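Notes to accompany the following structure.
The values are calculated or read from the model by the stated rules, or taken from the named source; none is laboratory data. Model, not experiment: these values are computed from the prediction. Quick reminder, even Gly has a Cβ in these numbers, built from the backbone with ideal geometry, and neighbours come from all protein chains shown. Remember, those area values only see protein heavy atoms, side chains included, never the ligands or the DNA or RNA. Shrake-Rupley method; radii C 1.70, N 1.55, O 1.52, S 1.80 Å.
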Amino acid sequence: MTVVRCVALLKGVNVGRAKRVAMADLRALLGDLGYRDVVTHLQSGNAVFTTTRPVGAVISAIEQGLSAELGVDARVVVRTHRQLVEAIAADPFAEIATDESRHLVGFFSATPEASRLTAFEEFVAARNPDPEVVGLHRISDDHCYLWCPQGVHGSLFGAVDWDRKLGVTVTMRNFATARKLVELSG
């Protein structure tokens, strides 16, 4: 029985008026599900906890708990501390990204199919004539990196329906948040 520190990344909670979740309620829910050392970060659905359960079981339990106990249907992506550290260490834009609020890492629920990745790259190429200005991206297995020098909302990537395009759940965090989650899960 291996004890692992994990990070649950809830997609789309507390954005606007939809899917409102108080972080105290999220911490209580995770505690009731048997997870230990629960900490939340910000109001955007980031929770760090300790578990011995497999990641797939954790995701299912949290999604079901959110629905049954809090009345919120939200997709959840979970990463271990090690996976989070490795994703940040592999950042291809670390040398050029100068503002962590415009530098993001996206976490996928699974690795997208090759055909969806090809279609996505074609979609971006057709709509992003100047990547150095509009934004750069790189997809790597079950996550992606974005550098949007003019801001996320001013980039092509702020308007993309990532889940539909890639066929997996995608939830983004800026690098300041991702680094804090590494610290909290360490």
* Asked: Restricting attention to the range 17-24, does a residue exist that is modelled with pLDDT of 95 or more and under 18 Å from the mean Cα position of the chain (by Cα)?
  -> no
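Could you tell me whether residue 64 is of a type outside the set (D, E, K, R), farther than 21 Å from residue 181 by Cα and either part of a strand (DSSP E or B) or open to solvent by 30 Å² or more (accessible area, probe 1.4 Å) (or both)?
Values: of a type outside the set (D, E, K, R): yes; farther than 21 Å from residue 181 by Cα: yes; either part of a strand (DSSP E or B) or open to solvent by 30 Å² or more (accessible area, probe 1.4 Å) (or both): yes.
Yes.
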* Count of residues meeting criterion [out of contact with any Lys or Arg (no Cβ under 8 Å at 6 or more places or on another chain), within 14 Å of residue 30 (Cα to Cα) and touching a residue at least 24 places away in the same chain (Cβ under 8 Å)] in the range 60-96 -> 6
* Looking for whichever is more than 16 Å from residue 182 (Cα to Cα) and open to solvent by less than 50 Å² (accessible area, probe 1.4 Å) here; the options are 34, 16. Which one fits? => 34
* Six or more apart or on different chains, Cβ under 8 Å: which pairs go from a residue in the range 33-45 that's in a loop (DSSP other than H, G, I, E, B) to one that's open to solvent by 40 Å² or more (accessible area, probe 1.4 Å) and not aliphatic (A, V, I, L, M)? Could you list them? => 34/53; 45/11
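Being in contact (Cβ under 8 Å) with a residue 40 or more places away in the chain and in a helix (DSSP H, G or I) is the requirement here; does residue 182 meet it?
Values: in contact (Cβ under 8 Å) with a residue 40 or more places away in the chain: yes; in a helix (DSSP H, G or I): yes.
The answer is yes for residue 182.
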